[in-house]
1. Rounded to whole Å and ordered largest first, report the semi-axes of the equivalent ellipsoid of segment A:122-215 derived from its Cα gyration tensor (root of 5λ).
2. If the only charges are +1 at each Lys and Arg Cβ and -1 at each Asp and Glu Cβ, what is the size of the charge dipole of segment B:1-69 around the Cα centre, to the nearest 20 debye?
3. Within the P(r) computed for segment A:171-215, what percentage of the Cα pairs occupies the region above 17 Å?
4. Residues with beta-carbon under 11 Å from that of A:G185, excluding A:G185: net charge, scoring Lys, Arg +1 and Asp, Glu -1?
5. Restrict the search to segment A:1-69; then list the GluC sites (Glu not before Pro) that DSSP places in a loop and that have at most 11 other Cβ atoms within 10 Å of their Cβ.
6. Using Cα pairs under 8 angstrom and six or more residues apart, how large is the relative contact order of segment A:151-240, in percent?
7. Taking θ = phi - 60°, what integer Hz values does the Karplus form 6.51 cos²θ - 1.76 cosθ + 1.60 yield along segment A:363-376, in sequence order, with x for Gly and Pro?
8. Could you pull out every residue, at least 5 positions away or on a different chain, whose amide H is within less than 5 Å of the one on A:R326? Hs are placed 1.01 Å off N in the peptide plane, and Pro or chain starts have none.
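Quick note: the coordinates plus some simple rules give every number you see, no bench work behind them. Please read these numbers as outputs of a predicted model, since none were measured by experiment. FYI the Cβ positions are ideal-geometry reconstructions off the backbone, even for glycines, and counts take in every protein chain you see.
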Amino acid sequence: MTGQTMVEKILARGAGKERVQPGELVNVKVDLALGNDITAPVAIKEFTRLGLKRVFDPDRVVLVPDHFTPNRDIAAAEQAQLLRRFAGDYGIKHYFEVGRMGVEHALLPEQGLVRPGDIIIGADSHTCTYGALGAFATGVGSTDLAAAMALGEAWFKVPSTIRFVFEGTLPPWVGGKDLILYTIGQIGVEGARYRAMAFCGPTINNLSMDGRLTMANMAIEAGGKCGYMEPDQITFSYLEGRTGGPFSAVYGDPDAEYEQTYHFDVSRLQPQVAFPPAPDNSRPVAEASGIQIDQVVIGSCTNGRLEDLRAAALVLKGRRVHPRVRLLIIPATQLIYRQALEEGLLATFIEAEAAVSTPTCGPCLGGHMGILARGEKALATTNRNFVGRMGHAESEVYLCNPAVAAASAVAGQIVHPEEVVR
Amino acid sequence: MIIEGKVWLFGDNVDTDAIIPARYLSSTDPVELARHCMEDISPEFAGDVQEGDLIVGGNNFGCGSSREHAPLAIKGAGVSCVVARSFARIFYRNAINIGLPILECPDELAHALSPGESLRVDLHRGLITRLSDGSCFQAAPFPPFMGEIIRQGGLIEYVRERIKNI
Ligand code: SF4
């Protein structure tokens with residue numbers, strides 16, 4: 001009998017089984033169930049049909065109004081109100097009000113709600129982010145969330161796993177975002193459909209937690225069910241002081257079976273830019289050089305963390321945003337916002353004439369706070385560049401890392417950061 | 001569970017915007033959604049589809065957003081089963097969860113079929129039979145657990161039963 005991957009072992013444990021096989025259907029206990037101001041209202045409506053007096057565990061349901069908040073219009077205000085009332089009525093402990101809130105997938109790990117070995121579902125496709133801490137985490141629909149709120153369970157088809165082994169020391173200005181854009185470029189938007197994506201190798205062992213979260217975040221852009229790194233010392237240091245309860249990390253067996261293994265030597269990787277209209281359309285930044293942009297967005301659950309803001313500040317220090325460009329910087333959570341304030345990053349941004357905002361998904365999904373007009377081009381550290389994602393159907397979004405975004409905001413066109421910081 | 005019906009054929013990558021365009025998402029009523037199902041890619045579908053008909057698609061059926069309105073529109077149109085070479089995963093879950101039968105079929109099926117011919121589908125055995133010549137195609141059998149969800153009429157009804165028995 002061969003060994004099992006991390007994901008197989010976590011799902012087996014959640015299903016109370018010795019082992020599970022890819023393709024097998026399992027019903028598992030979930031450690032956490034998440035909803036936001038778009039998906040939770042539908043789930044709440046379904047949940048209410050059951051006539052239950054309580055959710056399965058008020059401490060394991062997380063509600064984050066982050067997409068259209070601070071409320072962009074009356075309809076959004078009513079959705080947010082529904083969440084707030086439900087959280088109050090059902091004693092939901094982890095409800096995050098505006099002012100304490102952050103973009104959900106940056107917020108949950110930061111708040112210590114994600115632990116290695118956990119099974120987490122979220123009615124949001126980027127729930128896969130939490131795999132960076134060695135959890136099994138995946139996006140589901142609103143009805144799944146309703147059922148999980150009732151029973152604390154979810155059903156899954158056990159995915160097979162594709163392994164990505166990264167080798168080599170990353171060049172300056174290259175990070176997790178570039179690794180994942182490059183990977184998606186290699187395998188395509190369907191390349192990991194239904195599969196788990198295991199990220200490993202020497203490069204990953206040296207990658208920061210923020211960089212790992214960025215990578216796992218975008219597993220869905222290759223169609224993946226989840227993306228993950230097995231927990232190590234970097235994971236455990238990150239968790240210190242964040243998470244209260246005990247947890248037990250899970251590791252794949254040495255003889256685990258992977259459907260496929262890719263080896264990438266990334267020692268010469270260039271910063272990547274994904275051209276519209278899909279994240280797999282990624283190319284070295286040099287090929288994008290000279291493309292004029294109207295707006296730059298630094299933020300989101302992909303790249304709105306402290307390390308990202310530091311990278312942007314390094315570029316923006318003592319410089320000014322190009323007169324033709326609007327630079328929006330959105331720290332992903334309130335804590336990151338405060339840290340950025342204390343470190344002086346916000347002052348750097350404001351002096352550079354960037355617009356700095358309270359945490360929100362905002363322009364990432366074309367919700368509010370930076371919608372594009374017809375024909376406009378944006379460069380963003382977000383994760384999707386589909387047609388119309390940030391506004392008008394004839395606007396365009398390019399994706400990149402925070403340093404490229406900041407440098408390009410200064411240059412008024414897409415550039416390699418070293419052209420701005422010499 | 002045995003299903004028999006006339007086939008509507010679709011190609012690869014039928015996305016959730018094609019199944020139900022975003023402009024109609026202000027409704028969650030399956031009957032209302034069904035009026036616009038496939039409107040942009042197959043304008044005659046909503047008017048001509050008969051109770052019990054089947055949809056046969058290609059690769060990556062239901063890709064795009066996670067909106068549950070997509071399988072709801074199909075179910076509301078009276079479609080008895082969706083068969084495709086592969087499904088985008090959140091669409092797959094959502095279909096099962098709202099009680100819409102769904103099967104992943106082998107490659108040859110979609111190529112063999114002509115629009116309007118009839119199929120018999122045995123969900124538990126995963127057996128798809130062409131009524132015109134009796135030829136059979138084997139899909140992955142429908143797992144008992146999913147069969148149970150579908151039989152109950154969706155995940156919420158399934159949960160309701162489970163709660164009664166706890
Ligand atoms: S920041 Fe963007 S991708 Fe992340 S949860 Fe918000 S809308 Fe989704």
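1. Value: 28, 14, 12 Å, ordered largest first.
2. Details: 4 positive and 13 negative charges, 23 e Å.
Computed charge dipole of segment B:1-69: roughly 120 debye.
3. On the way: 328 of 990 pairs.
When every Cα pair of segment A:171-215 is considered, 33 percent fall beyond 17 Å.
4. Numbers: positive: A:R283; negative: A:D178, A:E221, A:D280.
Here the count lands on -2.
5. Answer by residue number: A:E18.
6. Reported relative contact order: 34 percent.
7. The phi angles translate into x, 3, 10, x, x, 6, 6, x, 7, 8, 8, 3, x, 7 Hz.
8. Placed amide hydrogens put A:Q295, A:V296 under 5 Å from A:R326.
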